[in-house]
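One structure is given below, encoded as structure tokens.
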Amino acid sequence: MSEPRPAPDPRGAAPRRLRPAPLLFEPPEATADPEHFFDLESIADPHELLGRSTELALAFRAAADRATEFQALAAAQLADPKRFDRLSLAALAERAEWTEDYARKMVEFGRSLMRDGAARPDGGD
């Protein structure tokens, strides 16, 4: 697998660090209906539907990218040789349901994030 990277901008622009839009959780009765998805099915105007569905797609993409960064940070921390309870790549891969090769790449990615200060587990950017 290739090294995780932020999703490309569909307009071809350089990737930007975006904070995901807040995703409102739907009430349990709405999620029971398989056709219901963030009320998109109720939007009749195609312009409005395109706008809202694009907002959601971008928010989910940004959230997935951010979650991947935190996975990488956690992987790097758990594989740190200075930890007395560090995990081997095999144990890390098993725990995260990755291959060992992907676990190695995630550890490297996490270490690069920590070196660059791009993301921190304390919530700072």
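Taken over segment 35-55, the residue count meeting the criterion of being in contact (Cβ under 8 Å) with a residue 12 or more places away in the chain and among the aliphatic types (A, V, I, L, M) is 1. Based on what the data block shows, is Ala57 at pLDDT 95 or above, surrounded by 11 or more Cβ atoms within 10 Å (Cβ to Cβ), in a helix (DSSP H, G or I) and of a type in the set (Gly, Ala, Ser)? No; evaluated as a whole, the condition is false for this residue.
The values are calculated or read from the model by the stated rules, or taken from the named source; none is laboratory data. Everything quoted here is computed from the prediction, not taken from an experiment. Methodologically, a virtual Cβ is constructed for each residue, glycine included, from the backbone with ideal geometry; neighbour enumeration extends over all protein chains shown.
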